[in-house]
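The structure appears right after this line, and notes come after that.
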Amino acid sequence: MAHLVEHLEQYLGTIAVGWSKDADGHPQHAQVIRLVDGPIEGVTSYSTLGLSRYPLAVPGKAPVRMELLIMVRSGHFERFVPSILQQLVDGVIHQGRAPLRGEVIGPWGPLDPDTGLEAFYFGSPVYQPEAFATCEDPEGPIVISWLMPLYPAEAAFVATHGWPALEDLLAEHDPDLADWRRPSLPVHTP
């Protein structure tokens, strides 16, 4: 884990706090950490730490190890991020399958009562250098999957048009994906 911690801190900032238990005090499968003072001004990063202990199936390929990342504007919408990540870890471990790039989880209702975002898109962490996407650990590579929050219409757009179409819209409009107050992308679903 020491190598993974160094990797995360190199690209995301210093670990400020971690949670290894849920709100009721029950131990969790993986710790959730908050990283501050990273290279993106005004953004706080949250990562799992320990999900990579569980090899996850990928259809037709060798199992992979991964960690999950959420980035949010500092001081906004952070109150539920640790529990959201813990829920996602539980779901991924229960399924035993790695979420692939382009998959959407949700909509499940607002991620926070003050936002209309309701789903997550699993993608590459494009706000960091390419080397961040995979941590070269002595026990094998660890993939870092960035969870980008989506509005229900954006999630529906991925379901009907595919993830490359969403990524084209993201490139065209360049929204601040760490801002949970951002406007919805101009998606058109049938």
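Considering only the range 28-63, state which residues are among the hydroxyl-bearing types (Ser, Thr, Tyr) and in a loop (DSSP other than H, G, I, E, B). Walk me through it before giving the result.
Step one: of the range 28-63, the residues among the hydroxyl-bearing types (Ser, Thr, Tyr) are 44-48, 52, 54.
Tyr54, the sole residue that qualifies.
Only one of Val72, Val89 is open to solvent by less than 10 Å² (accessible area, probe 1.4 Å), assigned to a helix (DSSP H, G or I) and in contact (Cβ under 8 Å) with a residue 12 or more places away in the chain. Can you tell me which?
From the options Val72, Val89, the qualifying one is Val89.
Looking at the range 14-27, which of the residues that are open to solvent by 40 Å² or more (accessible area, probe 1.4 Å) and part of a strand (DSSP E or B) is farthest from Gln86 (Cα to Cα)?
Thr14
Give the residue that is nearest to the chain's Cα centre (by Cα), with candidates limited to residues of the range 119-130 that are open to solvent by 40 Å² or more (accessible area, probe 1.4 Å) and free of Cβ contacts under 8 Å to residues at least 40 places away in the same chain.
Ranking the qualifying residues of the range 119-130, first place goes to Ser124.
Consider Tyr11 carefully, then state whether it is open to solvent by less than 50 Å² (accessible area, probe 1.4 Å), among the aromatic types (Phe, Trp, Tyr) and not in a helix (DSSP H, G or I).
For Tyr11, the condition - open to solvent by less than 50 Å² (accessible area, probe 1.4 Å), among the aromatic types (Phe, Trp, Tyr) and not in a helix (DSSP H, G or I) - is not met.
Name every residue in the range 43-68 that is within 24 Å of Asp176 (Cα to Cα) and either touching a helix residue (DSSP H, G or I) at 6+ places or on another chain (Cβ under 8 Å) or open to solvent by 20 Å² or more (accessible area, probe 1.4 Å) (or both), in order of residue number.
Ser45, Tyr46, Ser47, Thr48, Glu67, Leu68
What are the residues in the range 30-54 that are of a type outside the set (Val, Ile, Thr), more than 15 Å from Cys135 (Cα to Cα) and touching a strand residue (DSSP E or B) at 6+ places or on another chain (Cβ under 9 Å), if any?
The answer is Ala30, Gln31, Arg34, Leu35, Asp37, Gly38, Gly42, Ser45, Tyr46, Tyr54.
Hey, among Leu177, Leu170, Leu185, Leu147, which residue is open to solvent by 20 Å² or more (accessible area, probe 1.4 Å) and not charged (D, E, K, R)?
On inspection, the qualifying residue turns out to be Leu170.
Just name the residue that is surrounded by the most Cβ atoms within 10 Å (Cβ to Cβ) out of those in the range 100-118 that are modelled with pLDDT of 95 or more and out of contact with any Pro (no Cβ under 9 Å at 6 or more places or on another chain).
Val104
Those residues that are more than 14 Å from the chain's Cα centre (by Cα) and touching a residue at least 40 places away in the same chain (Cβ under 8 Å), I need them from the range 92-112; list them, please.
Answer for the range 92-112, where residues must be more than 14 Å from the chain's Cα centre (by Cα) and touching a residue at least 40 places away in the same chain (Cβ under 8 Å): Ile93, Gly96, Arg97, Pro107, Asp112.
Out of the residues in the range 150-167 meeting the condition of being among the hydrophobic types (A, V, I, L, M, F, W, C) and closer than 17 Å to Pro99 by Cβ, tell me which one is surrounded by the most Cβ atoms within 10 Å (Cβ to Cβ).
Leu150
The values are calculated or read from the model by the stated rules, or taken from the named source; none is laboratory data. In this text the structure is predicted, and so the values were computed from the model without any measurement. We place every Cβ from the backbone using ideal geometry, glycine too, and count neighbours over all the protein chains shown. Just the protein is used for accessible areas: all its heavy atoms, side chains included, with ligands, DNA and RNA removed. Shrake-Rupley method; radii C 1.70, N 1.55, O 1.52, S 1.80 Å.
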